[in-house]
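Notes follow the structure.
The values are calculated or read from the model by the stated rules, or taken from the named source; none is laboratory data. Since the structure is predicted, the reported quantities are computational estimates derived from the model, not experimental observations. Because the Cβ atoms are built from the backbone with ideal geometry, glycine has one as well, and the counts that use them run over all protein chains shown.
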Amino acid sequence: MTAASPAIPAAPAAKPSLAGSTRAELDAALAGLGVPAGARKMRTEQLWGWLYRRGATGFGDMLNLGRDLRGALGETFTLDRPQIVAEQVSADGTRKWLLRLAPTGPLDKGAEVECVYIPESDRGTLCVSSQVGCTLNCSFCHTGTQKLVRNLTSREIVAQVLVARDRLGDFPGSERPTDGLVPSGEGVRAVSNVVFMGMGEPLYNYDSVRDALSVLTDGDGLALSRRRVTVSTSGVVPAMGPLGAETGASLAVSLHATRDALRDQLVPLNRRHPIKELLDACRAYPGASNARRITFEYVMLKGVNDSIAEARELVRLLAGVPAKINLIPFNPWPGTAYECSDWETIEAFSDVVFRAGYASPVRTPRGRDILAACGQLKSETEKMRARARMMLEESLAAGQD
């Protein structure tokens, strides 16, 4: 079952939005309005609280700020979020939002990204994007077929979380959806976990991801636990150590193969940072321990990487790494050449890994019916443009016959 809501109009983007700002950005905005240096720290903290504890969408309610300052903020900035172009709700409760970002210049009509919300009985996980498109071209991933347009700013990353919390009633005084598909109960947050597993390679946008993490995990704001924020990488080795040292985020690695020759095909980045180099970086990842294991993602591709021999090799490769292995049934998408491994094969693979002492959960596919599952994200406008190009090419070809 798929439910779609109409597009929600966005305010004109003539003024920049402060939604998603870091403390340094708020301080700079106040400085630009002439707020004296001695007062900016207090004013920054007040804005911070309104933005991230209360979910403010305008300056008018910020009564602990003077009227003149509220007026100046309103004349110069907004607190607008990205526009929700479409919202889809899967039969299993997964929600996918297509978001249009504010234009970055006169020729920019507003890039689009997708983010996905996955509810469980006791938690809710938001999968955010870090780039518009992707540059990695992983052969099994639908998102990888969309060319990289640009990196997201840290504000645009954080704003995805604000959109989700707005829509899911996760700020004080707001109401949860009544469809029963969002966790509820006293003290239960709708968005309790965030994973950087949407569109893009997070570590190719390191500075923005690092700054976004500082906002998401700030105890005086959105206050997400660092243990509940996970950054996934396909193996950008040079940025892995700094990520752990500077952010304390949990790490997930898209592995998917145990041999360089195969991983070169599935994850072309492997040609630059092969498996041994990647696993050495995992062993050295700051903060990794049996209490904070690195998650290795392994998509199960029929007849490609799912043999018992490869399961045994996976166990051998991960020796000495505090690891959890997520086995991901392949999620099909239009035009793919791959198939999902048979369930019996996945179970046999999992048994080998489990007997070696590793947790090896098989990730339940979520949101397949709305193309919201792992590896399926690709902005709707990109798909429509591709279909339009195909129709045009077919029309031109027909005219030449």
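Residues of the range 33-84 that are touching a Lys or Arg at 6+ places or on another chain (Cβ under 7 Å), under 19 Å from L222 (Cα atoms) and in a helix (DSSP H, G or I): T44, W48.
In the set V194, V188, V158, V182, only one residue is farther than 19 Å from R100 by Cα, hydrophobic (A, V, I, L, M, F, W, C) and surrounded by 23 or more Cβ atoms within 10 Å (Cβ to Cβ); that residue is V194.
Among the residues of the range 193-210, the ones that are modelled with pLDDT under 95 and either farther than 15 Å from T135 by Cβ or not assigned by TED's automatic domain parsing to the domain that holds T135 (or both) come to 1 in all.
If the Cβ limit is 9 Å and pairs must be 6+ apart or interchain, which residue in the range 41-63 that is free of Cβ contacts under 8 Å to residues at least 24 places away in the same chain and over 15 Å from S174 (Cα atoms) pairs with which residue that is small (G, A, S) and in a loop (DSSP other than H, G, I, E, B)? If the second residue must be small (G, A, S) and in a loop (DSSP other than H, G, I, E, B), the pairs left are M62/A56.
If you check R263, R292 for being within 30 Å of W343 (Cα to Cα), in a loop (DSSP other than H, G, I, E, B) and of a type in the set (K, R), only one passes: R292.
Filtered by the rule that a residue be closer than 23 Å to H256 by Cα and assigned to a loop (DSSP other than H, G, I, E, B), the range 219-242 gives S234, G235, V236.
Among residues of the range 302-325 that are assigned to a strand (DSSP E or B), those with a Cβ under 7 angstrom from a residue that is β-branched (V, I, T), sequence gap 6+ or separate chain, pair up as A323/I294; K324/T295; I325/V353. With respect to the conditions (1) free of Cβ contacts under 8 Å to residues at least 60 places away in the same chain; (2) closer than 30 Å to R150 by Cα; (3) small (G, A, S), A86 falls short on a single one, namely (1).
Restricting to the range 249-260, what's the tally of residues that are surrounded by 16 or more Cβ atoms within 10 Å (Cβ to Cβ) and either not hydrophobic (A, V, I, L, M, F, W, C) or not in a loop (DSSP other than H, G, I, E, B) (or both)?
Residues flagged as surrounded by 16 or more Cβ atoms within 10 Å (Cβ to Cβ) and either not hydrophobic (A, V, I, L, M, F, W, C) or not in a loop (DSSP other than H, G, I, E, B) (or both) within the range 249-260 amount to 7.
When T295 is tested against the conditions (1) among the polar types (S, T, N, Q); (2) under 20 Å from A359 (Cβ atoms); (3) out of contact with any Lys or Arg (no Cβ under 6 Å at 6 or more places or on another chain), the lone failure is (3).
When the range 100-131 is limited to residues that are crowded, with 21+ Cβ neighbours inside 10 Å, of a type in the set (S, T, N, Q) and part of a loop (DSSP other than H, G, I, E, B), the one that is nearest to the chain's Cα centre (by Cα) turns out to be S129.
Candidates are the residues of the range 23-70 that are small (G, A, S) and under 26 Å from R165 (Cβ atoms); the one that is farthest from the chain's Cα centre (by Cα) is G60.
When residues in the range 200-255 are screened for being among the acidic types (D, E) and within 16 Å of the chain's Cα centre (by Cα), 3 of them pass. What pairs can you find where one residue is in the range 245-261 and within 14 Å of S289 (Cα to Cα), the other is part of a loop (DSSP other than H, G, I, E, B) and of a type in the set (D, E, K, R), and their Cβ atoms are less than 8 Å apart, with a gap of 6+ or different chains? If the second residue must be part of a loop (DSSP other than H, G, I, E, B) and of a type in the set (D, E, K, R), the pairs left are S250/R292. Taking the range 286-309 as the range and being within 21 Å of the chain's Cα centre (by Cα) and of a type in the set (A, V, I, L, M, F, W, C) as the test, the residues that pass are I294, F296, V299. Summed over the range 207-225, the residues that are closer than 22 Å to E156 by Cβ, surrounded by fewer than 19 Cβ atoms within 10 Å (Cβ to Cβ) and of a type in the set (S, T, Y) give a count of 1.
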